[in-house]
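The values are calculated or read from the model by the stated rules, or taken from the named source; none is laboratory data. Owing to the predicted nature of the structure, the values given are computational and were not obtained by experimental measurement. Note that we place each Cβ from the backbone using ideal geometry, even for glycine, and neighbour counts take in every protein chain shown.
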Amino acid sequence: MLLNKDDSILLLIDVQEKLTPAVLNSKAFIAECEWMLKLAKKMGVPIFASEQYPKGLGPTLKQLHTYFSQEDCVDKVHFSCMSDEKYVHRLKQFHKKQLVLIGIEAHVCILQTALEMKEHGFDVFVVVDAVSSRGEQNLKYGLKRMKQAGVHLLTSEMVFFEWLKKAGTLEFKELSTEFLK
């Protein structure tokens, strides 16, 4: 199944001040998250964020906060976003069926959220270069378990090309100059 930007929403999960420095390759991970947020913003794909216990883990990184409104960020204490009524209520207001997940940690909040989203009937996509965990084994097996459960794993460039659909357009020319590495 291919992504369609009109059916998609980008979900930023728990990229917060106190936890982010502890994940693998944190600088590259943050850069990929920002790349995805910027792409979604430019292409008109809605962005929805969550923060896991912000009193303890701090807010979303300041550089990422500029891509979404505070109204589109939900505090939570459950590891799965889908276990929080406020989150589910706001998510359904977007009326999107393709959920594109980025954030941390792959083996906890991303995994539990993705699996529960599948149970709710959504098409779930996890951007492998824009998720991370504190340990390599946790990252590896978190992704492996999601794949086994039918979650679609893809890269940020795959998202780029699937949302654009074709070359030769003005949009492709502008965005490829800015986004392709």
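Residues considered: 121, 168. Of these, the only one that is over 14 Å from the mean Cα position of the chain (by Cα), in a loop (DSSP other than H, G, I, E, B), farther than 22 Å from residue 52 by Cα and modelled with pLDDT of 95 or more is 121.
Screening 84, 14, 7 for residues that are free of Cβ contacts under 8 Å to residues at least 40 places away in the same chain and touching a strand residue (DSSP E or B) at 6+ places or on another chain (Cβ under 9 Å) leaves exactly one candidate, 84.
If you go through segment 150-168 and keep only what is free of Cβ contacts under 8 Å to residues at least 60 places away in the same chain and β-branched (Val, Ile, Thr), you end up with 151, 155. All conditions in (1) without any contact (Cβ under 8 Å) to a residue 40 or more places away in the chain; (2) hydrophobic (A, V, I, L, M, F, W, C); (3) surrounded by fewer than 21 Cβ atoms within 10 Å (Cβ to Cβ) hold for residue 2, with the sole exception of (1). Scanning segment 1-30 for residues that are within 14 Å of the chain's Cα centre (by Cα) and of a type in the set (Asp, Glu) returns a single hit, 14. Of the residues making up segment 23-53, those that are out of contact with any helix residue (DSSP H, G or I) (no Cβ under 7 Å at 6 or more places or on another chain) and closer than 15 Å to residue 130 by Cα are 25, 27, 28, 29, 31, 38, 40. Would you be able to say whether some residue in segment 92-99 is crowded, with 19+ Cβ neighbours inside 10 Å, of a type in the set (S, T, N, Q) and either on the phi < 0 side of the Ramachandran plot or in contact (Cβ under 8 Å) with a residue 12 or more places away in the chain (or both)? Checked segment 92-99: at least one residue is crowded, with 19+ Cβ neighbours inside 10 Å, of a type in the set (S, T, N, Q) and either on the phi < 0 side of the Ramachandran plot or in contact (Cβ under 8 Å) with a residue 12 or more places away in the chain (or both). Restricting segment 118-128 to residues that are of a type outside the set (Lys, Arg) and touching a strand residue (DSSP E or B) at 6+ places or on another chain (Cβ under 9 Å), the residue that is surrounded by the fewest Cβ atoms within 10 Å (Cβ to Cβ) is 122.
Is it the case that some residue within segment 92-105 is more than 15 Å from the chain's Cα centre (by Cα), within 26 Å of residue 18 (Cβ to Cβ) and among the basic types (Lys, Arg)? No, because not a single residue in segment 92-105 is more than 15 Å from the chain's Cα centre (by Cα), within 26 Å of residue 18 (Cβ to Cβ) and among the basic types (Lys, Arg).
Kindly indicate whether any position in segment 70-78 is assigned to a strand (DSSP E or B), under 22 Å from residue 151 (Cβ atoms) and touching a strand residue (DSSP E or B) at 6+ places or on another chain (Cβ under 9 Å). Yes: segment 70-78 contains one or more residues that are assigned to a strand (DSSP E or B), under 22 Å from residue 151 (Cβ atoms) and touching a strand residue (DSSP E or B) at 6+ places or on another chain (Cβ under 9 Å).
From the list 111, 143, 115, exactly one residue is at pLDDT 95 or above, outside any loop (DSSP other than H, G, I, E, B) and buried (at least 24 other Cβ atoms within 10 Å of the Cβ). Which is it? Lay out the reasoning, then the answer.
On the way: 143 fails: buried (at least 24 other Cβ atoms within 10 Å of the Cβ); 115 fails: buried (at least 24 other Cβ atoms within 10 Å of the Cβ).
Exactly one of 111, 143, 115 is at pLDDT 95 or above, outside any loop (DSSP other than H, G, I, E, B) and buried (at least 24 other Cβ atoms within 10 Å of the Cβ), namely 111.
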